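Take a look at this one; I'll ask things after.
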Amino acid sequence: MIFNSIYYLLFVLVVFCIYWKIPHRLRCGLILISNYVYLASWDLRYSVLLSFVTIVSFGIGIYIEKTTEKRYRKSAVIFFICVSIAILFFFKYFNFTSRTIAYLISSSGRKTEPLILDITLPIGISFYTFQAIGYVLDVFRETTSAEHNLGYYAVFMSFFPQLTSGPIARAGDLLPQIKSYPEFDYKKATYGLKQMAWGYFKKIVIADTISQFTGKVLNDPSRFHGFALLLAAFQYSIQIYCDFSGYSDVACGTAKLFGIELTVNFRSPYYSQSIREFWNRWHISLSTWLRDYIYIPLGGNRKGNVRRNINLLITFLISGLWHGASWTYVLWGLVHGLAQIVENYILPKKKDKSSRGGLWFLRVVFVFFFCTLTWVLFSAHSFNDALYFFTHLADGISSPVTYLHDGFTDLGFGKQAFAFMLPSMLLLMLFDYFNTKEDVINRISGMRTSVRWIIYISFILWMLISVPVRTSSEFIYFQF
Amino acid sequence: MKRFFRKILIITVSVIVLFFILMLINYHFVGNQYKFNYQASLLDKIERLESIEGPKLILIGHSNLAFGMDSEMLEKAIGMPVVNLGLHGGLGNAFHEEIAKPYIRKGDIVIICHSFFADDGSIEDPSLAWITVDNNIKLWRIISIKDYWNMIKAYPKYFRDSLYMKITGTGNQDSGGSYSRNAFNKYGDVVVKPEEGRMDPEVFFGDTESNNVEVPRIGDTCVRRLNDLNEFITARGATMLVAAYPIAYGEYSSFDRSDFYRFKNDLDISLDCDVISDYTDYFFGYDLFYDTKLHLTAEGTYKRTKQLIEDLESWKSQLQG
């Protein structure tokens, strides 16, 4: 049951109607059933794995809380982390490791075939295992108390709006909301609807439209050269942002319909003035998870510059590996880590108050360019594809007009596509720009009724005109 | 809660109303931007169907008919007026069959020349279907209810393209080549086949991706629908037949004659109507194909038509005998 399907909307509507009709005490049960129905709509087997992770982390949490001796508590944490990593390794990294080992052995002259397991990656596995690890570590650190009700805990682990691609929730944030029984909040629910609409706009109108162009290049970059590659890279930058933040908006919006606030996952990341700031605005729930559970425990920036740099590299290496079982992801993570190390030396530590106007613009453009080029590593199917991309990016640049013209033509990005994409892109840029200053949805909600409805109707009309025929059946981050 | 549901209702109604407003804008202000497109030949084909009073021969199928039938030759040989309804295969079998239904009368012969028999009865390419029916509301009846949702989803693209053509003055789409309304003759055959549009048969059929000629599968849904159509046609006092389509056969083929004997045999068993062709008679060399694996050159068209005439005569003599 994909988020951008009519079935998901009907599913949410049915659960919503029942949720606010039934007595408070039954709501948690309803959400739990809904979560597993949602998961089973993908594949019933996935629910077995999620149940296992849920039960083990639940038990470990209680054990840690009840045990006073530190070494036992520590052993329990290590045990759980090992179990989680083993699960992740088996489903996500086994084939990758096997291929790497076979490659290394083959490089030394002995031909070896890698052992490849025919397994599909269970949906949401990277997200809920990290959520469970976070919970166990929080209980260990006593920043949150262990949950003693398996029902509540299972809802926390499987809450359907955020199950497949996050945001990765913290027990301290989500569990109290699940356990409280809020009354229906009209403002929150309508905000949720608007957030969902904005998310769908980003996903369906922008990301899915762009994917028609980027898909061709990603599938076979060797068919393209010059500006077509660069244009596809820029488009992919927008696509992945709209795809993932669109998903997150739908997730957060859905959760709000049930009175639950999820972690904000994106805050206009392409308006960042540095890579560091970008990571404070992009996939925030993962960035903060990595900061709190990896970077800071490693020593963070408390043990000198050399250790800080090493910690940064380790954190971003893990971030890269988390995204996918491929060396291109690892390299992508490392490049971002390195960029932040460089930034730590050249950028002022405190926010530069003068960075407005021209300088602000230059920095924002630079960060966007940097991210765009590094997304090439992220999206490439192999090192060779990425290498081809970088080495053929400037083909034909000596005649700039032909370079640009051929790029648009080769990609099939004609005047019509441009004409219909431009308003959507401008809308996205304006929304994100003003969102850096205030909550745009709230601002619109506070406007006069006539103005508000003109905005709503224009928005719906534009969505109706711009929706592509074929919407993508998946979200990019579902594969992680 | 009531207030919230009221809001959802207002938004839902707004979306529906705005959708209809878009359709009205398209109908009244944007207009038929595909008026001379290849697909618009359907209007002429229907006009011909409507204009023939007595018994006629109706050819139903995909572009293999449009690009592979000499209807005039067929008409002279059979002695009945011919209407060739062949259009783009992306519309799906059911769409093609539905076009003819209201015009089938007593004494008509309806020949089905599908090149696939495992469809699910839906429109394969809804965007293409919009181009085909365009703003001609009387053609919208061809769309079946089960296609409504996909057609609604495809409407924005149709609207966008039409609007863009209207604004830029690039509409009406007469390409001047084979793929325009003007390329068809009065029977519904494509008669404009410029040499520059012709493929290199060796290159085309040598490439495994484009040369995906294979034995068609036969699906239950398609068989059921064709048998229902046969019942409908018979009830109107007309006759339904199934005939072969041109099959590219040569050194790159992945099948042989026995595969198509089996296929014909399976069709005979499944369908209630007669299958008048031996499909292997429609095996044509690569040089007889024009620009795809189903479109014939003028020479190929002549051979295919000649074969169909023989098949029809043989069927008739069997009937009389």
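The values are calculated or read from the model by the stated rules, or taken from the named source; none is laboratory data. What you see is a predicted model, and the numbers here were worked out from it, not measured in a lab. Backbone-built Cβ (ideal geometry, glycine too); neighbour counts: all protein chains shown. These area figures cover heavy atoms from the full protein model, side chains too; ligands, DNA and RNA do not enter into them. Shrake-Rupley method; radii C 1.70, N 1.55, O 1.52, S 1.80 Å.
Specify which of the listed residues (B:I123, B:I137) is more than 14 Å from chain A (Cβ to nearest Cβ) and in contact with a helix residue (DSSP H, G or I) (Cβ under 9 Å, 6 or more places away or on another chain). Even if it seems obvious, please write down each step before you answer.
Details: B:I123 fails: more than 14 Å from chain A (Cβ to nearest Cβ).
Exactly one of B:I123, B:I137 is more than 14 Å from chain A (Cβ to nearest Cβ) and in contact with a helix residue (DSSP H, G or I) (Cβ under 9 Å, 6 or more places away or on another chain), namely B:I137.
Separate question: Testing A:S326 on (1) of a type in the set (G, A, S); (2) open to solvent by 10 Å² or more (accessible area, probe 1.4 Å); (3) modelled with pLDDT of 95 or more, one condition comes back false. Which one is that?
Against the list (1) of a type in the set (G, A, S); (2) open to solvent by 10 Å² or more (accessible area, probe 1.4 Å); (3) modelled with pLDDT of 95 or more, A:S326 comes up short only on (3).
For (1) in contact (Cβ under 8 Å) with a residue 24 or more places away in the chain; (2) over 30 Å from A:N301 (Cβ atoms); (3) not basic (K, R), each residue gets a yes or a no:
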| site | (1), (2), (3) |
| --- | --- |
| A:W332 | yes, no, yes |
| A:G337 | yes, no, yes |
| A:F366 | no, no, yes |
| A:T374 | yes, no, yes |
| A:D395 | yes, yes, yes |
| A:V401 | no, yes, yes |
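Another one. Given the conditions (1) surrounded by 19 or more Cβ atoms within 10 Å (Cβ to Cβ); (2) under 30 Å from A:R291 (Cα atoms); (3) among the hydrophobic types (A, V, I, L, M, F, W, C), and given that A:F94 satisfies all but one, which numbered condition is not satisfied?
Of (1) surrounded by 19 or more Cβ atoms within 10 Å (Cβ to Cβ); (2) under 30 Å from A:R291 (Cα atoms); (3) among the hydrophobic types (A, V, I, L, M, F, W, C), only one is false for A:F94: (1).
Select from region B:21-38 the residues that are β-branched (V, I, T) and open to solvent by 40 Å² or more (accessible area, probe 1.4 Å) and write down the one among them that is nearest to the other protein chains (Cβ to nearest Cβ).
Filtering region B:21-38 for residues β-branched (V, I, T) gives B:21, B:25, B:30.
In the following step, the residues that additionally are open to solvent by 40 Å² or more (accessible area, probe 1.4 Å) were identified as B:21, B:25.
Numbers: B:I21: 8, B:I25: 10 Å.
Here the residue is B:I21.
May I ask you to verify whether B:S122 is touching a residue at least 24 places away in the same chain (Cβ under 8 Å), polar (S, T, N, Q) and open to solvent by less than 40 Å² (accessible area, probe 1.4 Å)?
Details: touching a residue at least 24 places away in the same chain (Cβ under 8 Å): yes; polar (S, T, N, Q): yes; open to solvent by less than 40 Å² (accessible area, probe 1.4 Å): yes.
So B:S122 passes the test.
Tally time: how many residues in region B:275-287 are open to solvent by 10 Å² or more (accessible area, probe 1.4 Å) and either under 15 Å from B:N64 (Cα atoms) or in a loop (DSSP other than H, G, I, E, B) (or both)?
Within region B:275-287, residues that are open to solvent by 10 Å² or more (accessible area, probe 1.4 Å) and either under 15 Å from B:N64 (Cα atoms) or in a loop (DSSP other than H, G, I, E, B) (or both) number 6.
Return the total of residues in region A:220-235 being in contact (Cβ under 8 Å) with a residue 60 or more places away in the chain, more than 24 Å from A:I465 (Cβ to Cβ), open to solvent by 20 Å² or more (accessible area, probe 1.4 Å) and assigned to a helix (DSSP H, G or I).
Count: 3.
Considering only region A:108-142, state which residues are surrounded by fewer than 20 Cβ atoms within 10 Å (Cβ to Cβ) and among the hydroxyl-bearing types (S, T, Y).
A:S108, A:T112, A:T120 - these are the residues of region A:108-142 that are surrounded by fewer than 20 Cβ atoms within 10 Å (Cβ to Cβ) and among the hydroxyl-bearing types (S, T, Y).
Condition test on A:I22, is it free of Cβ contacts under 8 Å to residues at least 40 places away in the same chain and in contact with a Leu (Cβ under 9 Å, 6 or more places away or on another chain)? It would help to see each step written out before you state the result.
On the way: free of Cβ contacts under 8 Å to residues at least 40 places away in the same chain: yes; in contact with a Leu (Cβ under 9 Å, 6 or more places away or on another chain): yes.
Criteria met by A:I22.
Could you give me the residue pairs with C-beta distances under 6 Å whose first residue belongs to region A:448-467 and is facing chain B (nearest Cβ under 9 Å) and part of a helix (DSSP H, G or I), whose second residue is open to solvent by 40 Å² or more (accessible area, probe 1.4 Å) and among the aliphatic types (A, V, I, L, M) wherever it lies, and which are 6+ apart or on separate chains?
Cβ pairs passing all conditions: A:I460/B:V15.
While we're here: Count, please, the residues in region A:23-48 that happen to be closer than 21 Å to A:P176 by Cβ and not in a helix (DSSP H, G or I). Can you show your working first?
First pass over region A:23-48, keeping only residues closer than 21 Å to A:P176 by Cβ: A:23-32, A:34-35.
If we keep only those that are not in a helix (DSSP H, G or I) too, we end up with A:23.
Of the residues in region A:23-48, 1 are closer than 21 Å to A:P176 by Cβ and not in a helix (DSSP H, G or I).
State which residue is nearest to A:R281 (Cα to Cα) when the search covers only region A:433-468 and only residues that are exposed (fewer than 13 other Cβ atoms within 10 Å of the Cβ) and of a type in the set (S, T, N, Q).
Filtering first and then ranking leaves A:T436.
Only one of B:A154, B:A100 is touching a Leu at 6+ places or on another chain (Cβ under 7 Å) and of a type in the set (G, A, S). Can you tell me which?
Values: B:A154 fails: touching a Leu at 6+ places or on another chain (Cβ under 7 Å).
Sole residue among the options that is touching a Leu at 6+ places or on another chain (Cβ under 7 Å) and of a type in the set (G, A, S): B:A100.
Restricting attention to region B:146-153, does a residue exist that is open to solvent by less than 50 Å² (accessible area, probe 1.4 Å) and within 14 Å of chain A (Cβ to nearest Cβ)?
Pass one, region B:146-153, residues open to solvent by less than 50 Å² (accessible area, probe 1.4 Å): B:147, B:151.
Going one step further and asking which of them are within 14 Å of chain A (Cβ to nearest Cβ), we end up with B:147, B:151.
Within region B:146-153, one or more residues are open to solvent by less than 50 Å² (accessible area, probe 1.4 Å) and within 14 Å of chain A (Cβ to nearest Cβ).
Mind checking which residues of region A:403-439 are outside any helix (DSSP H, G or I), without any contact (Cβ under 8 Å) to a residue 12 or more places away in the chain and closer than 25 Å to A:W198 by Cβ? Walk me through how you get there before you give the answer.
Within region A:403-439, the first condition is being outside any helix (DSSP H, G or I), and the residues that meet it are A:412-414, A:436-439.
Next, from what is left, pick out any that are without any contact (Cβ under 8 Å) to a residue 12 or more places away in the chain: A:414, A:437-439.
Listed by number, the residues that qualify are A:K437, A:E438, A:D439.
For B:S63, state whether it is more than 14 Å from chain A (Cβ to nearest Cβ), within 21 Å of B:D174 (Cα to Cα), in contact (Cβ under 8 Å) with a residue 40 or more places away in the chain and open to solvent by less than 40 Å² (accessible area, probe 1.4 Å).
On the way: more than 14 Å from chain A (Cβ to nearest Cβ): yes; within 21 Å of B:D174 (Cα to Cα): yes; in contact (Cβ under 8 Å) with a residue 40 or more places away in the chain: yes; open to solvent by less than 40 Å² (accessible area, probe 1.4 Å): yes.
Yes; evaluated as a whole, the condition is true for this residue.
Checking A:T209 against (1) within 28 Å of A:F369 (Cα to Cα); (2) open to solvent by 10 Å² or more (accessible area, probe 1.4 Å); (3) more than 14 Å from every other protein chain (Cβ to nearest Cβ); (4) polar (S, T, N, Q), which single condition isn't satisfied?
So the condition that A:T209 fails would be (3).
Out of (1) closer than 15 Å to A:S272 by Cα; (2) at pLDDT below 90; (3) in contact with an Asp or Glu (Cβ under 9 Å, 6 or more places away or on another chain), the odd one out for A:V367 is which?
Exception for A:V367: condition (2).
Can you find a residue that is over 30 Å from the mean Cα position of the chain (by Cα) and surrounded by fewer than 16 Cβ atoms within 10 Å (Cβ to Cβ) anywhere in region A:31-39?
To start, the set of residues in region A:31-39 that are over 30 Å from the mean Cα position of the chain (by Cα) comprises none.
No, region A:31-39 contains no residue that is over 30 Å from the mean Cα position of the chain (by Cα) and surrounded by fewer than 16 Cβ atoms within 10 Å (Cβ to Cβ).
Output the helices (runs of 4 or more DSSP H) that fall wholly within region A:88-166 and possess 2 or more residues being among the aliphatic types (A, V, I, L, M), or say none.
Ranges flagged: A:94-107, A:125-141, A:150-158.
Right, another one. Taking the options B:V17, B:V83, name whichever one is outside any loop (DSSP other than H, G, I, E, B) and in contact (Cβ under 8 Å) with a residue 60 or more places away in the chain. Lay out the reasoning, then the answer.
Details: B:V17 fails: in contact (Cβ under 8 Å) with a residue 60 or more places away in the chain.
When all the criteria are applied, what remains is B:V83.
Yes/no matrix, rows are residues, columns are (1) under 18 Å from B:R48 (Cα atoms); (2) open to solvent by 10 Å² or more (accessible area, probe 1.4 Å); (3) assigned to a loop (DSSP other than H, G, I, E, B):
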{"site": "B:V110", "(1), (2), (3)": "yes, no, no"}
{"site": "B:L128", "(1), (2), (3)": "no, yes, no"}
{"site": "B:I131", "(1), (2), (3)": "no, yes, no"}
{"site": "B:Y155", "(1), (2), (3)": "no, no, no"}
{"site": "B:R160", "(1), (2), (3)": "no, yes, no"}
{"site": "B:K166", "(1), (2), (3)": "no, yes, no"}
{"site": "B:D174", "(1), (2), (3)": "no, yes, yes"}
{"site": "B:G188", "(1), (2), (3)": "yes, no, yes"}
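While we're looking at this one, here's another question. Check A:A419 against each of (1) open to solvent by 70 Å² or more (accessible area, probe 1.4 Å); (2) within 14 Å of another protein chain (Cβ to nearest Cβ); (3) of a type in the set (A, V, I, L, M) and name the one condition it does not meet.
Going through the list (1) open to solvent by 70 Å² or more (accessible area, probe 1.4 Å); (2) within 14 Å of another protein chain (Cβ to nearest Cβ); (3) of a type in the set (A, V, I, L, M), A:A419 breaks only (1).
Among (1) more than 16 Å from A:S158 (Cβ to Cβ); (2) touching a Ser or Thr at 6+ places or on another chain (Cβ under 9 Å), where does A:N95 come up short?
(2)
Scan region B:242-274 residue by residue and report those that are free of Cβ contacts under 8 Å to residues at least 40 places away in the same chain, hydrophobic (A, V, I, L, M, F, W, C) and surrounded by fewer than 19 Cβ atoms within 10 Å (Cβ to Cβ).
Across region B:242-274, the qualifying residue is only B:I269.
B:L18 is checked against (1) within 14 Å of chain A (Cβ to nearest Cβ); (2) over 25 Å from B:K157 (Cβ atoms) and fails just one. What number does that condition carry?
(2)
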